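J.: Please read through the structure below; I'll follow up with questions.
Only the coordinates and a few stated rules stand behind these numbers; no lab work does. All values reported here derive from a predicted model rather than from experimental measurement. In this analysis, Cβ positions are derived from the backbone assuming ideal geometry, glycine residues included, and neighbour counts consider all displayed protein chains.
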Amino acid sequence: MSGDHPRLSHLPALGDASVRAPGPSHEEVVDHPMRRITREIAFDPDGWGPARAAKVAEVFDGLAPTWHEIAGGDGRLEPLRDALDRGGVDGTGVCLELGSGTGSATALLAERFDVVLASDLSLEMLRRAAEEPAVRVQADACRLPVRTGAAHAVVLMNMFLFCTELERVLRPDGALVWISSLGDRTPIYLSPAEVLEALGTHWQGVAGRHGEASWCVARRRPS
Ligand SMILES: C[S@@+](CC[C@H](N)C(=O)[O-])C[C@H]1O[C@@H](n2cnc3c(N)ncnc32)[C@H](O)[C@@H]1O
């Protein structure tokens, strides 16, 4: 292991980090409300509740009609492809894509996994996603309609980290795939080291960068 966290190894960066997609500046994102909410959900057991869920759903319902302008950019899926390849996620079994939005990553996941369940809190996001090739479900990622240990992989692309529910739905040997499309300019952002910190000491991970995006693939440590 090397780098900024004892349970995290870093792979060489790929792509051109100077190419930047439209989005907030570093200065703007520091005080972004989604930043604070992301940290509270990851680190505080009381960071999420019905009132916050309703507010977040309302925000993303409002963003849904124009989300394709953000999510459709050239190369936006390359970091996910890289994370699956270099993070050693082989694509066997069931993938849960949480916070799937308008489904920009779902087809790629469906190419890799036997089954993809794509889920989002926002009905307006889900309505704009293609029906195929995944099963789509409106659900809150803090309480999923999925049996314990069902998932071989959970993919969170620009999405909140609900540690307790992740622990429940992911198989013991399963992988969490965390993608921040704009790197540390992503509003819903944790660094790979923060992801491991939130998950706890029984997790380890590998981190990479692709262009300006950052990613982390985390798994439980062998006991
Ligand atoms: C920043 S968008 C990312 C969408 C997509 N993954 C992408 O990268 O284009 C975050 C998504 O997470 C969804 N979301 C937020 N909170 C959620 C929750 N508790 N459960 C499920 N989805 C949630 C939002 O509705 C939104 O579609």
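J.: With the Cα gyration tensor of the range 55-105 giving a ≥ b ≥ c as the square roots of its eigenvalues, does the rule (a/c under 1.5 for rounded; else a/b larger than b/c for prolate; else oblate) give rounded, prolate or oblate?
T.: oblate
J.: Would you mind computing, in nm to one decimal, how far apart the modelled labels at residue 46 and residue 34 are, each placed 7 Å from Cα along Cα→Cβ?
T.: Between residue 46 and residue 34, the simple spin-label model gives 2.7 nm.
J.: Separate question: Over the residues of the range 1-129, compute the C-alpha Rg and express it relative to 2.2 N^0.38 Å.
T.: The range 1-129 yields a ratio of 1.20.
J.: Further question on the same structure: If you place +1 on the Cβ of every Lys and Arg and -1 on the Cβ of every Asp and Glu, how big does the dipole about the Cα centre of the chain come out, in debye to the nearest 20?
T.: Its charge dipole is roughly 500 debye.
J.: Ratio to report: Rg/Rh of the range 97-223, with Cα atoms as the point set and Rh obtained by the Kirkwood method; give two decimals.
T.: Radius of gyration relative to Kirkwood radius: 0.94.
J.: If you take the C-alpha gyration tensor of the chain, multiply each eigenvalue by 5 and take the square root, what semi-axes do you get, largest first, in whole Å? Kindly include the intermediate steps, with their values, before the conclusion.
T.: Values: eigenvalues 100, 86, 71 Å².
Square roots of five times the eigenvalues give 22, 21, 19 Å.
J.: What does DSSP give for the chain in terms of the percent of beta bridges that are antiparallel, rounded to the nearest 5?
T.: Working: 14 of 37 bridges.
Just about 40 percent of them are antiparallel.
J.: Evaluate E = 1/(1 + (r/R0)^6) for residue 69 and residue 115, where r is the Cβ-Cβ distance and R0 equals 30 Å; express this FRET efficiency to the nearest 0.05.
T.: Numbers: r = 30 Å, r/R0 = 0.99.
For R0 = 30 Å, the calculated efficiency reads 0.50.
J.: Counting alpha carbon pairs within less than 8 Å and at least 6 residues apart, what relative contact order, in whole percent, applies to the chain?
T.: Once divided by the residue count of the chain, the mean separation gives 27 percent.
J.: Using a Förster radius of 35 Å, what is the FRET efficiency between residue 223 and residue 55 based on their Cβ-Cβ separation? Nearest 0.05, please. Display every interim value, and only then the final one.
T.: Working: r = 39 Å, r/R0 = 1.12.
Given R0 = 35 Å and the Cβ-Cβ separation, E is 0.35.
J.: Related question: Share of Cα-Cα pairs in the range 76-133 beyond 14 Å, in percent?
T.: 52 percent
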